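Have a look at the structure below before the remarks.
The values are calculated or read from the model by the stated rules, or taken from the named source; none is laboratory data. Treat the numbers as computed from the prediction; the structure is a model and nothing was measured. Cβ coordinates were reconstructed from backbone atoms using ideal geometry, including for glycine residues, and neighbour counts include every protein chain displayed.
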Amino acid sequence: MDKLSEVLNHFSISAGVFYTGGLCGLSNFDTGGHDYGHLHLLQSGRVQVLTDNRQAIEVTEPSLLFYPKPYKHRLKATEEDKAEIVCATMSYGAGLHNPIANALPDFLVVPLSQAPQITHTAQWLFTEGFEKREGRAAMMDRLCELLVLQLLRYLVESNQIQSGLLAGLSHPNVSRLLMALHQDPSQSWNLEQMAAVALMSRSKFAEVFKNTMGQTPADYLVQWRVGIAQTLLQKGKPVNWVANEVGYENGSALARVFRKKTGMSPKVWQQTQAIPA
């Protein structure tokens, strides 16, 4: 399995289109405490993107505006701007601890002219959005999910992200280790073993990993294990079984690191987040 698919195999991406059409006036997007992000696809016209403490961005060509995590923002357009847009929410398995969302900046503005790989899907989404056909809503949701997958591929292949998981997947040595960790999180990993997989000395590996990923190898391993644990807990798996699957001797050992990352025990988290298996 390829590097990106290995990540996506463990963490889901779900979209929910909630608006298609012309944009006129000021639209506020505030998650209100929820753990989803937003995707906006500008088909034509012009729109201003406003965020607190940031300079307004004017988008004047067909573009993908992606907020992978909860982030308050506003879109502004006048009648003369003739902005046609598709808007969707984006959510992930394991919520805010999903490494995919955490690998990205607060927001991305990607002109379709700069990413021809996603243009066909974008045009298909526009067609579905502005026509009244059977299965329209479900089709638009799936197309938005496909757009995000294509965007992730584009970012990895073009090395556009300089720090975090996507940067690590683009690095020839770091990516070797990430593949190994992702495939076998239950192994008793130590720094020497990680460096050997990455084909580097311990000191060089620790430096390169920290500079590339923005965290130590040990911190990333804990984050990955907790994320996988959340995915399994959502499916109703027992805590002790989940602990063994992600490299901990028992539920108590998992609970110690889980509580540090999420603020609650695995059992409590499972009771509030569980989904049918």
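Here are some notes:
- Tabulated pairs, segment 170-189, first closer than 24 Å to residue 230 by Cβ and not assigned by TED's automatic domain parsing to the domain that holds residue 201, second at pLDDT below 90 and part of a loop (DSSP other than H, G, I, E, B), C-beta under 6 angstrom, 6+ apart or interchain: none
- Pair list, Cβ under 6 Å, 6 or more apart: segment 121-136 residue without any contact (Cβ under 8 Å) to a residue 24 or more places away in the chain, other residue assigned to a loop (DSSP other than H, G, I, E, B) and buried (at least 19 other Cβ atoms within 10 Å of the Cβ): none
- Of the listed requirements (1) outside any loop (DSSP other than H, G, I, E, B); (2) within 22 Å of residue 2 (Cβ to Cβ), residue 128 misses just one: (2).
- Looking only at residues in segment 187-198 that are in contact with a helix residue (DSSP H, G or I) (Cβ under 8 Å, 6 or more places away or on another chain) and part of a helix (DSSP H, G or I), the one that is farthest from residue 11 (Cα to Cα) is 192.
- Residue count, segment 164-204 (criterion: surrounded by 15 or more Cβ atoms within 10 Å (Cβ to Cβ) and within 29 Å of residue 119 (Cα to Cα)): 9
- In the set (1) under 20 Å from the mean Cα position of the chain (by Cα); (2) closer than 22 Å to residue 120 by Cβ; (3) not β-branched (Val, Ile, Thr), residue 98 fails one condition alone, (2).
- Residues (more than 22 Å from residue 22 (Cα to Cα) and touching a Phe, Trp or Tyr at 6+ places or on another chain (Cβ under 8 Å)) located in segment 119-159: 148, 151
- When the criteria are applied in full, residue 165 meets the requirement of being touching a Pro at 6+ places or on another chain (Cβ under 6 Å), within 23 Å of residue 261 (Cα to Cα) and not small (Gly, Ala, Ser).
- In segment 45-63, the residues that are under 22 Å from residue 123 (Cα atoms) form Cβ pairs under 7 Å with partners that are modelled with pLDDT of 90 or more and among the hydroxyl-bearing types (Ser, Thr, Tyr), at six or more places apart or across chains, as follows: 46/60; 61/113; 62/44.
- For segment 92-116, filtered to residues that are closer than 26 Å to residue 131 by Cβ and touching a helix residue (DSSP H, G or I) at 6+ places or on another chain (Cβ under 9 Å), the residue that is surrounded by the fewest Cβ atoms within 10 Å (Cβ to Cβ) is 113.
- Evaluation of residue 192 against (1) among the charged types (D, E, K, R); (2) within 16 Å of the chain's Cα centre (by Cα); (3) at pLDDT 95 or above (one fails), failing number: (2)
- Residue in segment 139-186 that is farthest from residue 217 (Cα to Cα), counting only those that are in a helix (DSSP H, G or I) and polar (S, T, N, Q): 150
- Qualifying residue in segment 3-21 (condition: of a type in the set (A, V, I, L, M), more than 22 Å from residue 146 (Cα to Cα) and in contact with a Lys or Arg (Cβ under 8 Å, 6 or more places away or on another chain)): no
- Subset of segment 221-265 [among the aromatic types (Phe, Trp, Tyr) and in contact (Cβ under 8 Å) with a residue 40 or more places away in the chain]: 224
This table checks each residue for (1) acidic (Asp, Glu); (2) under 30 Å from residue 229 (Cβ atoms); (3) at pLDDT 90 or above.
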| position | (1), (2), (3) |
| --- | --- |
| 16 | no, yes, yes |
| 28 | no, no, yes |
| 35 | yes, yes, no |
| 55 | no, no, no |
| 74 | no, no, yes |
| 78 | no, no, yes |
| 94 | no, yes, no |
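- Where strands (runs of 3 or more DSSP E) fall entirely within segment 4-108, those with at least 1 residues that are in contact with an Asp or Glu (Cβ under 6 Å, 6 or more places away or on another chain) are at 13-23, 37-44, 47-50.
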